[in-house]
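K.L.:
Quick one: this structure, given as C-alpha cells, is what I'll be asking you about.
The values are calculated or read from the model by the stated rules, or taken from the named source; none is laboratory data. Everything quoted here is computed from the prediction, not taken from an experiment. No Cβ is skipped: glycine too gets one built from the backbone with ideal geometry, and neighbour counts run over all protein chains shown.
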Amino acid sequence: MALIAITGGIGSGKSVVSRILSVLGYSVYDCDLRAKQIMDGSSEIKSYIAEHICTEAITSAGDIDRVVLAQEVFNNPRKLELLNIAVHEAVKSDLTTWASDKQLAFVETAILYQSGLDLMVDRVWEVTAPEEIRIQRVLKRNNITVEQVKARIKSQDDFAVKKKHPATILIENDNTVPLLPQILTLLATL
C-alpha cells in the first residue's frame, strides 16, 4: 500500500489536485471533511471540548457551535493545541482504517506536519502557488477580507517545519503550468 499526502497552503490548489485524482478514479481522504464528521459524531470529542476548551461550544442539543469554538481556540493557542491533539488522533485512526484495504490512496491535508500525518505517508505532493494568486483564489471562494486571508497565510507560514518529508515533490499551480500533465507524470512514476 502507498499513501500519498496532498498538501499546500490556503489557496494553493490542493483541493483541485484532489478532485482531479478523484475524477481519475483514485481514493482521496479529505482530512477537513472527515475531521468535521468525526467531531460531529463523537460524544467523546464533544465532552472533551466542553470540559477542556469551552462549555459554550457545545449547544444544548449536543451539537458543536463552530463559531464559538473557533473564537475560543483562535484566541488561545493552548486551547487550539488541546483541540488539535484530540481531533488529530481521531483523524489518524480513521485514516488508518480507511486506507487499510487500498493499494494506492491519497490524503488531502493543510496541516501535514502539525498533525503528524507526515509520519504516516510514503510521499508528499506539495501544491504551490504565488501568494497573490492564493489571495485572489481565497477571496473568490470565501467571504473574508484580504487582511484575513493574509493572516491565515501567515499563520500557516509561521509553523516552521524542521525537516520536510524526504519524498516531497512540488506541484506548481500558478495558473500558467497546467496541472493535469504534472499529476499524470507523477502518477506514472508510481
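K.L.:
How many residues, within segment 117-132, are crowded, with 18+ Cβ neighbours inside 10 Å, touching a Leu at 6+ places or on another chain (Cβ under 9 Å) and not charged (D, E, K, R)?
P.N.:
Qualifying residue count for the region: 5.
K.L.:
Run down Lys36, Lys46 and say which single residue is free of Cβ contacts under 8 Å to residues at least 60 places away in the same chain, surrounded by fewer than 16 Cβ atoms within 10 Å (Cβ to Cβ) and under 22 Å from the mean Cα position of the chain (by Cα).
P.N.:
One residue alone meets the criteria, Lys36.
K.L.:
Now, a different point. Inside segment 117-148, can you point out the residues that are under 17 Å from Asp32 (Cβ atoms) and among the aliphatic types (A, V, I, L, M)?
P.N.:
Correct list: Leu117, Met120, Val121, Val127, Val138, Ile144.
Table: residues versus (1) surrounded by 16 or more Cβ atoms within 10 Å (Cβ to Cβ); (2) closer than 30 Å to Tyr48 by Cβ.
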{"site": "Ser115", "(1), (2)": "yes, yes"}
{"site": "Val146", "(1), (2)": "no, no"}
{"site": "Val149", "(1), (2)": "yes, no"}
{"site": "Ile153", "(1), (2)": "yes, yes"}
{"site": "Asp157", "(1), (2)": "no, yes"}
{"site": "Lys162", "(1), (2)": "no, yes"}
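K.L.:
Sticking with this structure for a sec: Here is a list of conditions, (1) without any contact (Cβ under 8 Å) to a residue 40 or more places away in the chain; (2) touching a Phe, Trp or Tyr at 6+ places or on another chain (Cβ under 9 Å), and Leu3 meets all of them except one; can you say which number that is?
P.N.:
Only one criterion in (1) without any contact (Cβ under 8 Å) to a residue 40 or more places away in the chain; (2) touching a Phe, Trp or Tyr at 6+ places or on another chain (Cβ under 9 Å) is unmet by Leu3, namely (1).
K.L.:
Go through (1) under 20 Å from Gly13 (Cα atoms); (2) free of Cβ contacts under 8 Å to residues at least 60 places away in the same chain for Val107 and report which single condition fails.
P.N.:
Just one mismatch for Val107, condition (2).
K.L.:
Output the number of residues of segment 23-67 satisfying the condition of being part of a helix (DSSP H, G or I), of a type in the set (A, V, I, L, M, F, W, C) and either out of contact with any strand residue (DSSP E or B) (no Cβ under 7 Å at 6 or more places or on another chain) or under 25 Å from Asp101 (Cβ atoms) (or both).
P.N.:
Of the residues in segment 23-67, 9 are part of a helix (DSSP H, G or I), of a type in the set (A, V, I, L, M, F, W, C) and either out of contact with any strand residue (DSSP E or B) (no Cβ under 7 Å at 6 or more places or on another chain) or under 25 Å from Asp101 (Cβ atoms) (or both).
K.L.:
Which residue pairs have Cβ atoms under 9 Å apart, sit 6 or more places apart or on different chains, and have a first residue in segment 143-169 that is under 20 Å from Asn76 (Cα atoms) and among the acidic types (Asp, Glu) and a second that is modelled with pLDDT of 80 or more and in a loop (DSSP other than H, G, I, E, B)?
P.N.:
As it stands, the answer is Asp157/Gly9, since those pairs meet every condition given.
K.L.:
Another one. Report whether or not Ala188 is of a type in the set (Gly, Ala, Ser) and closer than 20 Å to Val23 by Cα.
P.N.:
yes
K.L.:
Please work out which one of (1) under 21 Å from Gln148 (Cβ atoms); (2) among the hydroxyl-bearing types (Ser, Thr, Tyr); (3) touching a Ser or Thr at 6+ places or on another chain (Cβ under 8 Å) is the condition Ser15 fails and give its number.
P.N.:
Condition (3) is where Ser15 drops out.
K.L.:
I'd like to know if segment 90-100 contains one or more residues that are without any contact (Cβ under 8 Å) to a residue 12 or more places away in the chain and among the aromatic types (Phe, Trp, Tyr).
P.N.:
Checking segment 90-100: not a single residue is without any contact (Cβ under 8 Å) to a residue 12 or more places away in the chain and among the aromatic types (Phe, Trp, Tyr).
K.L.:
Now a separate question. Go through (1) surrounded by fewer than 16 Cβ atoms within 10 Å (Cβ to Cβ); (2) in contact (Cβ under 8 Å) with a residue 24 or more places away in the chain; (3) not aromatic (Phe, Trp, Tyr) one by one and return the number of the condition Ile135 breaks.
P.N.:
(1)
K.L.:
Looking for something aliphatic (A, V, I, L, M) and touching a Lys or Arg at 6+ places or on another chain (Cβ under 7 Å) - is there at least one such residue anywhere in segment 139-153?
P.N.:
Yes; the residues of segment 139-153 include at least one that is aliphatic (A, V, I, L, M) and touching a Lys or Arg at 6+ places or on another chain (Cβ under 7 Å).
K.L.:
How many residues does segment 1-17 hold that are part of a helix (DSSP H, G or I) and buried (at least 21 other Cβ atoms within 10 Å of the Cβ)?
P.N.:
Number satisfying all stated conditions: 2.
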